[in-house]
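Note sheet for the following structure.
The values are calculated or read from the model by the stated rules, or taken from the named source; none is laboratory data. These numbers were taken from a predicted model, which means no experiment stands behind them. Note: ideal-geometry Cβ built from the backbone for every residue, glycine included; neighbour counts use all protein chains shown.
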Amino acid sequence: MSTIYKIIIFLIIVLGWFFFGDQFIGTTKTDENILMKTMEDNNATTTIKGDEEPTIEKEKADVTIELTDRNFAFSKTEIKVKEGDTVTVNFESADGFHDFVIDEFNAKTGKVNNGEKTTVTFVANKKGSYEYYCSVGDHRVKGMVGAIIVE
């Protein structure tokens, strides 16, 4: 008799898993009967719907860069940010008449003299390395350039 009970219990477990397995593995069904699972990992959200490929949305950040100059050079020659970051550049002229420009992001400050400050904000919405420069006269040719790297 005990063998028959074991077989019946085994069948109940297998059939229960088959029909109700979704509820045991932590997934849910939406009103449209689409299987959805959301995971959070390293400041990113991954959403999987049905048989679709997962999509990852990275957490975007606000990044502020403090930048000064001296004649024909910026205080930083390399700036690193993440794709999707909102970047604010606070630029102060310490030596001469200058500005800050990144063509690819349509980012440009006003031109400022010694001791004056200006600001520009943009979204770094594409990966790559882009040159920033001073557009006053021939300052760019004289080496007043840097690189912003969007990872």
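I'd like the residue in the range 94-149 that is of a type in the set (K, R) and loosely packed, with under 15 Cβ neighbours inside 10 Å and, out of all such residues, is farthest from the chain's Cα centre (by Cα).
By that ranking, first place goes to K142.
Residues that are under 15 Å from S75 (Cα atoms), hydroxyl-bearing (S, T, Y) and in a loop (DSSP other than H, G, I, E, B): does the range 94-117 have at least one?
No, the range 94-117 contains no residue that is under 15 Å from S75 (Cα atoms), hydroxyl-bearing (S, T, Y) and in a loop (DSSP other than H, G, I, E, B).
Going residue by residue through the range 43-57, is there one that turns out to be closer than 19 Å to A107 by Cα, at pLDDT 50 or above, among the charged types (D, E, K, R) and in a loop (DSSP other than H, G, I, E, B)?
Within the range 43-57 (the criterion being closer than 19 Å to A107 by Cα, at pLDDT 50 or above, among the charged types (D, E, K, R) and in a loop (DSSP other than H, G, I, E, B)), the answer is no, since none of the residues qualifies.
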